[in-house]
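Novice: Before anything else, here's the structure in question.
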Amino acid sequence: MQIQRQEQAKPKRKVLYKVLWAAAAVIAAGVLFAAGYFTYYWTMDGGLRSLLWFKEMIDEQYYEDISDEDFWQAAIDGAEGLLDSYSVYYTPAEFEQVQMSSQGVGIGVGLSFFSGTNKVAQVAINSPAFFAGVRVGMYVTGIGAAGGEIKDAFASVGGSILYYASTALTSLEEGTTVSLRLSADSPTATEGCTVVSVTAEEFTESYVLYACGGHAYAALHDDASGEYVWTDVSEYVAEDEQVTGAAYLRLSRFYGNAAGEFALALEQYRKDGADTLLLDLRNDGGGSVAVMQSIASYLLKDADADDEVVMEAVYGNGRRERYLAGGNFYDEYLADSEIYVAANVNTASASEALIGAMISYGTIGYEDIFITDTIGQGSARTYGKGIMQTTYYNVATGEAAKLTTAQIYWPNGESIHGSGITTAMGARPSPAKSFGEYGDPELTAILAAIASEGGADALSLL
């Protein structure tokens, strides 16, 4: 019987031993984890330890609940405050929106306004507002639900007038239809206005508008095929009074399919047999370096190779990187052409880099650049952004950080960061009331100046 008892006791002891070993393993793991954590904790940067301690105190002692999300976002916002205005952290949702925008995809009516006003600064080509006939320089003085009462998009507060058009239109949900009251003359006009109806929707923006010989064209995205179709859009822009001989090409941003659209515009330029081109970069704040490289391929007159340097980046650690053109197509499209550029203080970044490449390769001289002068003193400049940002993507979380990483130099070694391209360099001042007047009288004057020099038989445009 005793042997029987012993045989029965062995499995019980085995189970007990297993339990004890498991408990010991858990305790040991806990000790090792704690030891590892404290080792990790004390090897942290002192500032990070302080931040974690501060968060712990807030979690345990603060009289109101502060969510982890709010705390860490506040910490990120604080870090952003140390950086320049171009460097920014993106949440996953924000970065998704940035990616859509850089691809030309927008949701809304397609209007941008000058800061703090109800004056239209840009109308996105292929947007609802574009097809409704809204134009740069118009004032959106009232907004109302479709078929309903139009309410003023401005109000007098404390002796100042506040404008609400931008906020109201930005917050529109997709599919919402509104009526816009438009004035060509006054930001507070309620009579003598035009009323148009627009519906907020997803659209793919076009960034190039080309006009010559009484017609205006743009490459419009066809949602069904996914292709861009070269389209006569004359009915959607202001009257074109330009006579044969001159051509106008407006590039609004270096995003999306801008390079492909630029190529289609030059195909049309060649087909039109034009010999003078005005490249309008006014209010073009830049965009993608890759798009700039592609567009520069058409604008390097004295380039010998297909991969000429169009700009050089110098990074904080001293590393230099050359950015090359994607080809050499100047003679194919622009041989024997006179080329001019229109710019203003909102012309920045990739736009300035493109102008620098054109100057470096003899395509234009400073005297071929018209810069908007709103002061009337014969002095004007472009923005002066000669630095580059790089975006870093966190694959694990979907968030991203855009950081200023390098200073930009033209192929000839010039850097215009902080100073811009100026009339002191030899560029021409172009008198104007503002950076976006209805009917664009500044453009009419620029074309007239070009025509007076025999560069083109042009009177006015768009």
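Novice: Give the residue list of GluC sites (Glu not before Pro) in the stretch 59-132 that are DSSP loop and have at most 11 other beta-carbon atoms within 10 angstrom.
Specialist: Values: sites: 60, 64, 69, 80, 94, 96; in loops: 64.
Taking the stretch 59-132 and a limit of 11 other Cβ atoms within 10 Å, the loop GluC sites (Glu not before Pro) found are 64.
Novice: If you don't mind, another one. Rank by packing, highest mean first: peptides 134-142, 366-374, with packing defined as the count of other Cβ atoms within 10 Å averaged across residues. Let's see the in-between values first.
Specialist: On the way: 134-142: 23.2, 366-374: 21.2.
Order by mean packing, descending: 134-142, 366-374.
Novice: Measure nothing but the geometry: give the 0 to 90° angle between the long axis through the Cα atoms of 92-102 and the longest principal axis through the Cα atoms of the chain, rounded to 10°.
Specialist: Taking Cα atoms only, the helix is inclined about 20 degrees.
Novice: May I pose another question? For Rg and Dmax of the Cα atoms in Å, the choices are (i) 30.1, 124; (ii) 21.1, 65; (iii) 32.7, 106; which was calculated from the structure?
Specialist: The listed entry that was calculated here is (i).
Novice: Work out the count of Lys pairs in the chain where the Cα-Cα distance is under 17 Å, with the pair 8 or more places apart or on different chains.
Specialist: Step by step, the pairs that qualify in the chain add up to 4.
Novice: Neighbour counts of other C-beta atoms within 10 Å: give me 72, 410 arranged from fewest to most. Working shown, then result.
Specialist: On the way: 72 12, 410 22.
Ranking 72, 410 by Cβ neighbours within 10 Å, fewest first, gives 72, 410.
Each reported figure results from applying straightforward, stated rules to the coordinates on display, with no laboratory input. Keep in mind that this is a model prediction, so the values were computed, not measured. All Cβ positions, even for glycine, are placed from backbone atoms using ideal geometry, and neighbour counts span all protein chains on display.
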